[in-house]
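Laboratory data are not the source of any read-out in this text; all were calculated from the coordinates shown. Quick caveat, the model's predicted, so the values are computed rather than measured. Cβ coordinates were reconstructed from backbone atoms using ideal geometry, including for glycine residues, and neighbour counts include every protein chain displayed.
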Amino acid sequence: MKSLILTTVTHVTRLAALLLLAQSSYATDANISIPATVTVNATITLTPGTDMDFGQFYMTGNTVGDTVGVGAINGVPTPNDSAYIELLPNGTLIAVDGDTSKASSVIGPGVPGTFSITGAALSTAVKFTSPELIDGDVASAGTRPFSSGGGDIITFTDLTIDTDGDGTADNDLAVTGDGAVVNGVTDAAGALTVSTGGRIYSTYIDTTDNNLYDAGAYTGTYTVTVSY
Amino acid sequence: MLRRTALVISMLTLTLSSRIFSAELINEEQHLDFGEFAANFSVSSNLQISPNGTVMTSGPLYVLNVPQAARIRLSGYPANQALTISIDDFFLVRSGGDKFLVSDFILSTQATDANGDALLLIGATLNIDGGKTYIDTNYSGNMIVNISYP
């Protein structure tokens, strides 16, 4: 009987050893491959709305060219040789004579331009830039030609943008330096509609040009970039 | 003495039986989803999803659809077992384009409960390299989760 007991204990020891081995080999690494995804959607859709309309006006060309950085064409409120018609984002038209040119609005008020943003991030700040955007300093904003299809062109520049609907273009416009930026915020659906204004001038900047303007409708375009 | 030995053998047999027939299962319940976002890709930014669903961003990155942490359910493991869980960095890619590095994984737990189960939530960070071009589309990859215990 004693001998039998010893044999059984030995057997149990072996069995325990086997079990330990089994446990060790069973608890090996396991792994799982989990899919991971992301979608980039950085496109902002811009949709033109109402065209900017300066109404009807008289304008005569100046006889002396403007100098870059001088006069109203650069956001400085004192006009020099150029006359201009200013369209505010609320539709108000302002006619300002130059030293050697005249401009007067005949039929107003004007109509501010509009365009809409859709598909942007929700309730998110966006910035508007444009070569024609008024700089607020002595550097020149870019210009765009308004043409009647014949004769001399009218110069469009000093673009303003109202992003919060208050009728004024006071949305964090840079006061110094080029590359002015106007800020806006999209709504809860990622959309925003803005109003635009600007100025049309009787002459090119820094040229001597006694323009002769044909009667008729003058049209042109301006460009705006919206980004995050 | 014989009876006591027989009892020991019986207990060991039960243990062996438990080890052999308890299946350790790992089931994916939710893949790692960084959602949808827009960003100014001229500068670097990142998007972090924590295991509990908290979303944090740095830089000019804007969430359009909310990310979700990965969710994995473990079962059949030893009770109250400490686990060693590792995940290597990987990329979300599109064919022929730039890629996003996914790194800095955060785990909700690294141990099983009293039943040998665990719900493992995994957060991570999506990194955007400034200056690269990321077109609007879907980017995908695979996260390999390694799980072991002593």
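Sort out for me the Cα centre separation of segment B:93-142 from segment B:38-84, rounded to whole Å. If we compute the Cα centre of each part, the gap is 7 Å. Counting Cβ atoms of other protein chains within 10 Å of each residue's Cβ and taking the mean over peptide B:23-29 gives 2. Along segment A:214-228 the Karplus relation, 6.51 cos²θ - 1.76 cosθ + 1.60 evaluated at θ = phi - 60°, assigns HN-Hα couplings of 5, 5, x, 8, 10, 10, x, 9, 9, 10, 9, 10, 10, 8, 7 Hz to successive residues, with x for each Gly and Pro.
Place a +1 charge on the Cβ of each Lys and Arg in chain B and a -1 charge on the Cβ of each Asp and Glu, then give the dipole magnitude about the Cα centre in debye, rounded to the nearest 20. Each step should come with its number before you reach the end.
Details: 8 positive and 13 negative charges, 140 e Å.
The calculated dipole for chain B is roughly 680 debye.
Computed from backbone phi with θ = phi - 60° and the Karplus coefficients 6.51, -1.76 and 1.60, the 3J(HN,Hα) list for segment B:77-88 is 8, x, 5, 6, 9, 5, 10, 9, 10, 10, 9, 7 Hz; x is used for glycine and proline.
Annotation: amide H of A:Q56 within the under-5 Å range of A:V106, A:I107, sequence separation 5 or more or interchain, hydrogens built in the peptide plane. Label-to-label distance, B:L25 versus A:T43, with points set 7 angstrom from Cα along the beta-carbon direction: 4.3 nm. Counting Cβ atoms of other protein chains within 10 Å of each residue's Cβ and taking the mean over peptide A:38-49 gives 6.
Around A:S123, under 14 Å between beta carbons, what's the net of Lys plus Arg minus Asp minus Glu among the other residues? Around A:S123, the charge tally is -2.
Relative to the longest principal axis of the Cα atoms of chain B, the long axis of helix B:2-21 makes an angle of roughly 20 degrees. Distances between placed amide hydrogens fall under 5 Å for A:I34 paired with B:M143, B:I144, B:V145, all partners being 5 or more residues away or on another chain. Count Lys and Arg as plus one, Asp and Glu as minus one, and take only other residues whose Cβ is under 12 Å from that of B:Q30; the net charge is then -1.
Computed from phi, the 3J(HN,Hα) profile of segment B:66-75 under the Karplus parametrisation 6.51, -1.76, 1.60 (θ = phi - 60°) reads 5, x, 9, 5, 6, 10, 10, 10, 9, 8 Hz, with x in place of Gly and Pro. Calculated on C-alpha atoms, the gyration radius of chain B divided by its Kirkwood radius gives an Rg/Rh of 1.21.
Put simply, the amide H of B:Q30, placed in the peptide plane, has neighbours under 5 Å in B:R71, leaving out anything fewer than 5 places away on its chain.
Scaled against 2.2 N^0.38 Å for its residue count N, the alpha carbon radius of gyration of segment B:92-150 is 1.55. Counting other Cβ atoms within 10 Å as a rough exposure proxy, the listed residues B:F41, B:F91, A:F57 run B:F91, A:F57, B:F41 from fewest neighbours to most. Going from the fewest other Cβ atoms within 10 Å to the most, the residues A:V185, B:V102, B:V63 appear in the order A:V185, B:V63, B:V102.
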